[in-house]
Amino acid sequence: MISNSSGSYRNEADSIVEQAATVFLPEGITARQPAIDKIKKNEDMYNGVPGPALKGRSNVPFDSAVMGGFIDTINSQLNETIIADYTHKREQDKIDAKMMTAAAKREMAPDRGNWDHKFRMERFMASLAGVAIRKNYVVGAPKFKTDIEIVDYLDFIPDPTGGPDLDKHIYKFQTNIFRTWEDLFQGFQNGFYDKSQIYKLKTNYTEENFKKAQDEYMNKASRFYNLDVTLKMFTGQKMYRMCEGVTFSKGKWWYIFFNPDTRIWVRCVPLTEAFDIAKDYEGRGPWDAWHTNPHPFLFWSKAPAHDIRPIAYTMKKAVNYMLDNLEKVNWDMKAIDPKIFPDPSKLRWRQNGVVVARRKSGVEDISKGIYQFQTPDTVGVTINLIEWLNNFTGTKVGASPEAEGQASTDRVGIAFANLQQTTKRLSLENDYFKNSVVRSLQFLDYGMYEHLREKYAVKIIGNAGIRWEEEITRKTTEKEFTIAVRASNDDQRRSLIQQERREKMLDKLSKFPDLLSKVNKNWLVRDLLETDGGVTDEELQVALDVNNDADEDSLSRAAEAIEQCINGEELYDLYGGATPAFVQKIIDFCNKNFDLMPKEKLSTLSRGELKRYNASMEKHDKLMTYALQHIPIVVKNTQRKAEAYIAMAPQPEQPAATPARGPETPPNTPLG
C-alpha cells in the first residue's frame, strides 16, 4: 500500500512513472531489438516457418529438422529433479531449517508450484534465447500462495548494459500484463493498488487504448506460426495493458505498476515496501534471470541455437540445391531442329505420346535434330558436405574432446556428436542456473516471513520419527539459513560412489571382529537399510524407532480429533482402534501448544487476557479428557495384539519324558 497519499507524494510518483514510460522503456525496447530479431530467427527455424524463396526453386524447411533435433536432444538429457536444502547457521535453528526445507519441498511439488516442470520449460526458452527469465510470487491475500512464472523474453525490458545480474540494472520492466477492471478493483481491496488511481485509469483509458491492448495481445500470439486458430481475446472482455517495473530514481529503488500508454500508475512504492527481500538485497525485484552464455556487460547474450542456426541454414541450402539439381537432371533443357520437329510442344512427355518428325535429305537419324543439355550430378558432393557439417557440429558446438568427429544419429536421421558440454549450460551444473534457483528459494523464505499468517503444517523427519503437525510461523522464517540446491541425479551418482566405499570399508572391518564390535550398531543398521534396502528417509526413521508402532491410522485420527477441537467442534465418538501412539500424539500436542500458568500469574492478567486464557484451557482440558478416555481401549488393543503375537510365536521345545524306574535290584555278587 502507498503509505503517503499526500499531493507531494503523488507528484513524486507521477514523476517516477513519467521517466519510466518516456525514457527507460523506449531505450530498453530499442536496445534489445537486434537481440530479439536473432531470437525470432531461432524460433522460426525451430517451428518450421518457411523462409522466402525464388519462384520455382525448392524450399524444403530442412533447417527446422536440424534445429529441432539439436534443441530437443540437449533438452531431453535434462530430466533432473531439483532438491532444496535450508541449512541452519546456529545449532538452535536446526529444526527451523528442517521445516523450511520441508516447506520448499511442498511448494515445489507437482501438485502445487510444479517447479521441475517450469525449470524444463525455462531450459527450452534458454536454449533458443540464451536467457531464461523467471518471476517469483509470494502473496498473502486473499490467501497465502507461492509460485514461479516463466516470463516471455518479448515482454521483458531490462537495462541492456546491466549484465547478467538483474539486481544491478537501474531498471527492469515486464510489459503486456493484461488486467480486467475486476482484477484492478480486487487488487485495491487486497491492499495492493491505490483506489483513486485505478479510477483515474478507468476514466482516462479510451477505446483506442483498449484496441491497442488487443492488438498487442494478438501480435504477441501471432509469432507462433503453427498456431492455426482464431484467437478471441479473453472472451470479449476489455483489458487494461499494464507494465510492472523496478527502477532506481531520486536516490532509491521503487516498485511501480502502471499503464505505459496513459502513464497512470496504480501502485508506486519504495521497493522495500513491496518486497521484504529488497531490505537485504538492494534492487531485488520479483524477477530473476540466468544465461547459457553470460556476457559480463550485456544482458542479451548468445544462445546454443545461435551456434546451430548458420549450420542448419547451410544444410537446408545444400539440400534444396541438390533437389533443384535433381529436377534439372530429370527435366533438362533441349535444343531442337524445327525442320525435323516442327511442333516443339509435342516433345513434352505424355503417356503413349506420338511425335511427328520429318527426315531431312541426307539425314537418316532423327536424333540429329535434338540436343540435350547435361546437368552434372551433385548428390555426392552434397552428401559429403552435410556429413562434414554434421561432424563439425559435433566437435565445435558442444562435443566432448574424446568424441571429436564421431557423430551419433538421433531423430530425423540428423547426426550429432556428444552434446555433453552444451547440455551443461542448461543443467544445474551451470552456476548461473543454480544461483537463480537459490535466489527463488531466498524469495520464498522472505515471502513466507512477510506474508504467511495462516496455519502452514509440514512433515519433517527427526530422530524420533515423522512429525506431521510441525507448524511454520513467522518466528520460524525469521531465522537466517544457508540455501543449497542439488539435482537428484547428483544424489544417485554420489550414492553409488559412497556405496562402493562403504562396501570396501565393511569388508575390511569384517576381518577384524574386535574393531567391528566397537562400531555403533544403529549406524550400521541405518547404513545397510539405506544402501542395500533402498528405504526412504521416512521408512528409515520408523524402522529405527523401536517405540514407534508405525500406526499411521491412529496418528491421522489423533490429528483429526485435534483439528476438530481447535475448531470448536465437540468430541463425542471414541476411536475403537486407538493405540499408544494415538494418546501420545494428543498429549504431546497439548504439552507443546498450551502454556499452563500458576495461580499467582493468573491474578495479573487483564479481564480480556483471562477470558482468552480460559477459552484456550477449555480446549486443552477437552483434549486431555478425550485422550484419557481412550486408555481402556488402548489397554485392550495392546493386550489383544500381544496375545496374537504370542499365539503366532514358535513355542519352545519341551524336554522328552524320562521313563519311570522300578525298585533297584541289588547288584549280583559272585558265589563264594
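The values are calculated or read from the model by the stated rules, or taken from the named source; none is laboratory data. None of these values were measured; they are calculated from a predicted model. In this analysis, Cβ positions are derived from the backbone assuming ideal geometry, glycine residues included, and neighbour counts consider all displayed protein chains. The accessibility values were calculated without ligands, DNA or RNA, using every heavy atom of the protein model including side chains. Shrake-Rupley method; radii C 1.70, N 1.55, O 1.52, S 1.80 Å.
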Task: Candidates T175, T161, filtered to the one that is of a type outside the set (G, A, S), assigned to a loop (DSSP other than H, G, I, E, B) and under 23 Å from W253 (Cα atoms) - done: T161
Task: Matching residues, region 308-317, being under 17 Å from S127 (Cα atoms) and open to solvent by less than 40 Å² (accessible area, probe 1.4 Å) - done: I308, I311, A312
Open item on the list: Looking only at strands (runs of 3 or more DSSP E) that lie completely in region 208-296, which have at least 3 residues being surrounded by 16 or more Cβ atoms within 10 Å (Cβ to Cβ), at pLDDT below 85 and of a type outside the set (S, T, Y)?
Closed with: none
Task: Hits in region 151-173 - residues which are of a type in the set (S, T, Y), closer than 13 Å to A31 by Cβ and open to solvent by less than 10 Å² (accessible area, probe 1.4 Å) - done: Y171
- [ ] Check G48, G69 and return the single one that is under 24 Å from the mean Cα position of the chain (by Cα) and not aliphatic (A, V, I, L, M).
- [x] G69
TODO: Give region 25-44 a look and list any residue that's open to solvent by less than 20 Å² (accessible area, probe 1.4 Å) and among the hydrophobic types (A, V, I, L, M, F, W, C), or say none.
DONE: L25, I36, I39
TODO: At least 3 residues that are touching a residue at least 40 places away in the same chain (Cβ under 8 Å) in each: list the helices (runs of 4 or more DSSP H) lying fully within region 568-635 that qualify.
DONE: 580-593, 607-629
Open item on the list: Can you find a residue that is assigned to a helix (DSSP H, G or I) and either of a type in the set (S, T, N, Q) or crowded, with 18+ Cβ neighbours inside 10 Å (or both) anywhere in region 128-147?
Closed with: yes
Task: Residues that are of a type outside the set (F, W, Y), within 30 Å of K212 (Cα to Cα) and in contact with a Ser or Thr (Cβ under 9 Å, 6 or more places away or on another chain), drawn from region 272-305 - done: D288, A289
Open item on the list: Here is a list: K475, K459. Which entry is in a helix (DSSP H, G or I) and modelled with pLDDT under 75?
Closed with: K475
Task: Residues within region 591-612 that are farther than 21 Å from L623 by Cβ, touching a helix residue (DSSP H, G or I) at 6+ places or on another chain (Cβ under 9 Å) and acidic (D, E), tallied - done: 0
Open item on the list: Which count do you get for residues in region 63-104 that are over 18 Å from A303 (Cα atoms), of a type in the set (D, E, K, R) and surrounded by 15 or more Cβ atoms within 10 Å (Cβ to Cβ)?
Closed with: 5
TODO: Kindly indicate the residue of region 174-199 that is of a type in the set (G, A, S) and open to solvent by 10 Å² or more (accessible area, probe 1.4 Å) and also nearest to the chain's Cα centre (by Cα) among those meeting that condition.
DONE: G191
Open item on the list: I'd like the full set of residues that are open to solvent by less than 20 Å² (accessible area, probe 1.4 Å) and part of a loop (DSSP other than H, G, I, E, B), limited to region 435-456.
Closed with: L452, Y456
Open item on the list: Suppose we keep only residues that are open to solvent by 90 Å² or more (accessible area, probe 1.4 Å) and hydrophobic (A, V, I, L, M, F, W, C) within region 339-383. Which one would you say is modelled with the lowest pLDDT?
Closed with: F373
- [ ] Give region 318-338 a look and list any residue that's over 60 Å from the mean Cα position of the chain (by Cα) and surrounded by fewer than 13 Cβ atoms within 10 Å (Cβ to Cβ), or say none.
- [x] K334, A335, P338
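Residue-wise test of (1) modelled with pLDDT of 65 or more; (2) of a type in the set (D, E, K, R); (3) closer than 30 Å to S556 by Cα.
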site: M448; (1), (2), (3): yes, no, yes
site: E471; (1), (2), (3): yes, yes, yes
site: F481; (1), (2), (3): yes, no, no
site: I497; (1), (2), (3): no, no, no
